[in-house]
Amino acid sequence: MRIDRCLCFQRTFAELKAVAAQTGAGSVEELQRHVRFGLRCRLCLPYVRRMLQTGQTVFHEIIQEASDS
């Protein structure tokens, strides 16, 4: 399984990583001020958080969060 994008908005994590680097966004909320993603099903949010922490843009495992608050 290859997970590499926000499906609802078709934004790849590589694209989101580039926007984060250009803008200095360090959180999902800061990144969403510059590009639309993660506003519908929200399944990409744990991956974007991990991407912001590690730089990883392609995932092969399902990441689940206990809470999205």
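The values are calculated or read from the model by the stated rules, or taken from the named source; none is laboratory data. What you see is a predicted model; the values in this text were computed from it and never measured. Counting neighbours? That spans all protein chains shown, and the Cβs are built from the backbone with ideal geometry, glycine included. Keep in mind that these areas ignore ligands, DNA and RNA; they rest on the heavy atoms of the full protein, side chains included. Shrake-Rupley method; radii C 1.70, N 1.55, O 1.52, S 1.80 Å.
Each of VAL48, ALA21, HIS34 was placed along the dipole of the chain (beta-carbon charges, centred on the mean Cα), and the one lying farthest toward the positive end is HIS34. Mind sorting out which of (i) 116; (ii) 83; (iii) 132 is the real volume of the Cα convex hull per residue in Å³ computed from the coordinates? Of the labelled values, this structure produces (ii).
The value of relative contact order for the chain, using C-alpha pairs under 8 Å at least six residues apart, is 41 percent. Each Lys and Arg contributes +1 and each Asp and Glu -1, all at the Cβ; summed about the Cα centre of the chain, the dipole is approximately 200 debye. Applied to the range 4-18, the Karplus parametrisation 6.51 cos²θ - 1.76 cosθ + 1.60 on θ = phi - 60° returns per-residue 3J(HN,Hα) values of 9, 6, 7, 5, 5, 10, 6, 9, 6, 5, 4, 5, 5, 4, 5 Hz, with x for Gly and Pro. Taking amide hydrogens as placed 1.01 Å from N in the peptide plane, the amide H of ARG11 sits under 5 Å from those of CYS6, each at least 5 positions away in sequence or on another chain. Each residue of the range 36-46 was assigned a 3J(HN,Hα) from its phi angle through the Karplus curve 6.51 cos²θ - 1.76 cosθ + 1.60 (θ = phi - 60°); the sequence is 7, 6, x, 9, 9, 6, 6, 5, 7, 4, x Hz, with glycine and proline shown as x.
For the chain, with all protein chains in place and a probe radius of 1.4 Å, 49% of the accessible heavy-atom surface sits on carbon or sulfur. Report the Cα centroid-to-centroid distance between the range 32-55 and the range 1-19 in angstrom, as an integer. Here the two parts' Cα centres lie 8 Å apart. For the chain, taking a cut-off of 4.7 Å between Cβ atoms, the unpaired cysteines are CYS8, CYS41.
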